[in-house]
Amino acid sequence: VEYHFQPIVDVHTGNVFGYEALMRSRLDGIDSPGEILALARSQSKLHQIEWLTWSCALEAFSKLENLPADCRLFINTIANQELTPQNNKWLESHYRNLLSRVVIELTESDPCSDSFLASRQKYLEQWHCSLALDDFGSGYNGESMLLSLTPQFIKVDVSIVRNIHQDENRMQIFKNLVSYSKERGIQVVAEGVECAQELRALILNGADYVQGFFIGKP
């Protein structure tokens with residue numbers, strides 16, 4: 001696998017705030033991250049994928065040129081997969097200067113245990129990195145994780161963003177989420193922006209950051 005980077009842009013300045021590391025396969029016949037995860041899951045090798053994600057994403061990010069000193073790296077983490085103490089020591093020895101710029105993305109696609117959430121909380125305290133709830137509005141854990149954790153970011157799922165300028169129900173859900181987030185100091189990232197009309201609607205209704213093919217491809 002290798003990691004490509006998609007920009008996340010600050011709507012107030014137009015500057016790149018950070019990049020999400022997106023897994024891509026180098027093998028013919030494996031076309032998506034979902035296929036990689038399914039293969040790893042079938043062989044009980046999800047831990048190896050979690051380790052690859054951390055180590056390879058940080059390595060690739062460290063080689064990007066002309067990054068602002070405060071540019072963030074958003075890393076997707078797999079539910080219920082924990083790095084070993086040896087993994088942690090290796091990351092600290094190689095990328096200590098980058099770990100505080102990491103934003104850990106917790107996905108809604110799988111249920112999360114208390115031990116999993118506790119391990120991610122440990123990373124936040126140990127490395128001073130940040131937390132994002134990914135794909136919010138699409139899966140199992142959104143509201144419960146929002147209540148049990150204190151994320152710095154909520155990434156609103158494409159299922160809400162898509163055609164938001166034409167759908168009053170999507171618009172109202174987004175407004176409610178922005179209102180809730182603003183009261184608690186949480187910043188809102190809108191994912192999957194694909195046209196100018198979506199971008200305008202999201203900005204007018206309170207998005208802090210935007211990401212998607214219209215903004216920049218990985």
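General observations
- Close pairs from the range 25-54: first charged (D, E, K, R), partner open to solvent by 50 Å² or more (accessible area, probe 1.4 Å), Cβ under 9 Å, at least 6 apart: 26/1; 26/2; 35/29; 45/39; 50/82
- For the range 175-205, the candidate set comprises residues that are farther than 15 Å from residue 133 by Cβ and of a type in the set (A, V, I, L, M, F, W, C); within that set, the residue that is surrounded by the most Cβ atoms within 10 Å (Cβ to Cβ) is 202.
- Inclusion of residue 148 among residues that are open to solvent by less than 70 Å² (accessible area, probe 1.4 Å), at negative phi and either of a type in the set (Ser, Thr, Tyr) or modelled with pLDDT of 90 or more (or both) is not warranted.
- Near pairs, Cβ below 6 angstrom, 6+ apart or cross-chain, from the range 62-80 (farther than 17 Å from residue 13 by Cα) to any residue that is among the basic types (Lys, Arg): 73/101
- Subset of the range 147-187 (residues that are in a helix (DSSP H, G or I) and hydrophobic (A, V, I, L, M, F, W, C)): 147, 158, 160, 161, 164, 171, 173, 174, 177, 178
- Selection status of residue 159, under 27 Å from residue 212 (Cβ atoms), in contact with a Ser or Thr (Cβ under 6 Å, 6 or more places away or on another chain) and at pLDDT below 75: no
The values are calculated or read from the model by the stated rules, or taken from the named source; none is laboratory data. Predicted model only: the values in this text are computed from it and were never measured. FYI the Cβ positions are ideal-geometry reconstructions off the backbone, even for glycines, and counts take in every protein chain you see. Accessible surface areas use protein heavy atoms only, side chains included; no ligands, DNA or RNA. Shrake-Rupley method; radii C 1.70, N 1.55, O 1.52, S 1.80 Å.
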